[in-house]
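Input: a single structure, listed below in structure tokens.
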Amino acid sequence: TGLAIVIGLAVGLAIAWILVDFVNPQSFHWTMDFRVPFGLVGGLIVALLAAAALTALAAGRRAVAPDAVMAVRADW
């Protein structure tokens, strides 16, 4: 999850920078300032990591539940 966040941020920032600094002036003849809202991005990173951790915890608990273990043992 951490690697996906880093790759997503890098690709997203690169595409945004290209659009703002190159595509907009050439295609639409206007410019704008490029600013990254680091507080918002940091909050989203924390929220994504928390959601991933909670999902993994819930899936792990369900996987080791007695019913799941018995189902696997019955298949063997």
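The rows are residues; the columns are (1) under 14 Å from the mean Cα position of the chain (by Cα); (2) more than 29 Å from LEU3 (Cβ to Cβ).
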{"site": "TRP30", "(1), (2)": "no, yes"}
{"site": "PHE34", "(1), (2)": "no, no"}
{"site": "LEU40", "(1), (2)": "yes, no"}
{"site": "LEU44", "(1), (2)": "yes, no"}
{"site": "LEU54", "(1), (2)": "no, no"}
>> Which pairs turn up if I take residues in segment 51-76 that are outside the structural domain of ALA4 (by TED's automatic domain parsing) and in contact (Cβ under 8 Å) with a residue 24 or more places away in the chain and look for partners that are part of a loop (DSSP other than H, G, I, E, B) and surrounded by 10 or more Cβ atoms within 10 Å (Cβ to Cβ) with beta carbon separation below 6 Å, at least 6 apart in sequence or on another chain?
In response: ALA52/THR1
> Mind checking which pairs have a first residue in segment 1-14 that is free of Cβ contacts under 8 Å to residues at least 24 places away in the same chain and a second that is among the aliphatic types (A, V, I, L, M), Cβ under 8 Å, 6 or more apart or different chains?
Replying inline: LEU13/VAL36
> Would it be correct to say that GLY2 is surrounded by 10 or more Cβ atoms within 10 Å (Cβ to Cβ) and at pLDDT 95 or above?
Replying inline: no
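The values are calculated or read from the model by the stated rules, or taken from the named source; none is laboratory data. None of these values were measured; they are calculated from a predicted model. Note: ideal-geometry Cβ built from the backbone for every residue, glycine included; neighbour counts use all protein chains shown.
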